[in-house]
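Nothing in this text is a laboratory measurement; each read-out follows from the coordinates by a stated rule. Note that this is a predicted model, so its numbers are computed, not measured. Positions of Cβ are generated from backbone atoms using ideal geometry, with glycine treated the same way; all protein chains shown enter the neighbour counts.
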Amino acid sequence: MSSPIYWQDAKEYLRSNDAILADIIALYPSETMINYHDAFLTLVKAIIGQQISVSAANAINQRVESLLGEITPENYLETDPQLLRKCGLSRQKIAYITNITQGFKDGILTPQAWSEMTDKAVIAQLTSIKGIGPWTAQMFLIFHLHRRDIFPLADLGLINAIQLHYGSEKALSKGEIKELSQRWKPYRTVATWYLWRSLDPVPVQY
């Protein structure tokens, strides 16, 4: 496991450009984003986390890990789907993870090329797999590839955090949120992580 090489530089930049974010960062001085170095595991965790709370996703992840021993394509394919259902995975998410497994097997997903690909190109490749939408692809870019300027505007947790810290009684529009995020470039990934952290009792990890 490791954290992004740009993390400290990003913290200093964000603290100097945004007083509100500086206060949030100060609450978590030793915390950082973690990378598990495994593309399949990151995608599985992102699929599990689709449209559910962080705590619910963590609970399902723990049950799946206990069942499989280690989350690998081989272990996943050898496991009875009914046992995965008992872990809390929906039939749809089981199918999505199967699609991802097949994507690696068939060479549709090309991990060896990702480091040389643009964010847009990686997202296009990932979203060619049924079950991986833009949000899941963005989570992958954030947590596995450690791309530094990803801003998942459709993420409800991020929107809620921005509304809490920067909004008023009137809900901020997506246009206003996008404009606000310009002050965090080129480190919107790190700003996003700290905004998530301000809402969740444990760090978000995929």
| query | Could you state the number of Å between the C-alpha centres of the range 1-49 and the range 92-148? | reply | 20 Å
| query | Rounded to the nearest 0.05, what FRET efficiency do Glu70 and Glu169 have when you use their Cβ-Cβ distance and R0 = 45 Å? | reply | 0.40
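What net charge is computed for the residues neighbouring Asp38, neighbours being all others with C-beta under 15 Å from the C-beta of Asp38, Lys and Arg scored +1, Asp and Glu -1?
Computed value for this residue: -2.
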| Qualifying lysines (Cα of each under 16 Å from Cα of Lys93; at least 8 residues distant if same chain) | Lys45, Lys130
| remark: Per the range 39-143, sqrt(5λ) over the Cα gyration tensor eigenvalues, sorted largest first, in Å, gives 23, 15, 11
| request: Given the options Thr72, Thr42, Thr136, state which has the largest fluctuation in a GNM of the chain using a 10 Å cut-off (strictly under) for Cα springs. | output: Thr72
| field | Estimated dipole of the chain in Debye, rounded to 20 [Cβ of Lys and Arg +1, of Asp and Glu -1, Cα centre] | value | 440 debye
| message | Can you give the longest run of the chain that contains no GluC sites (Glu not before Pro) sitting in a DSSP loop with at most 10 other Cβ atoms inside 10 Å? | response | 1-69
| Is it possible to state the helix-based mean residue ellipticity at 222 nm for the chain, with each DSSP H run of 4+ residues giving -39500 (n - 2.57), the sum divided by total residues, to the nearest 500 deg cm²/dmol? What is it? | -17000 deg cm²/dmol
| task | Return the Rg/Rh value of the chain, two decimal places, where both radii are evaluated on C-alpha atoms and Rh is the Kirkwood radius. | result | 0.97
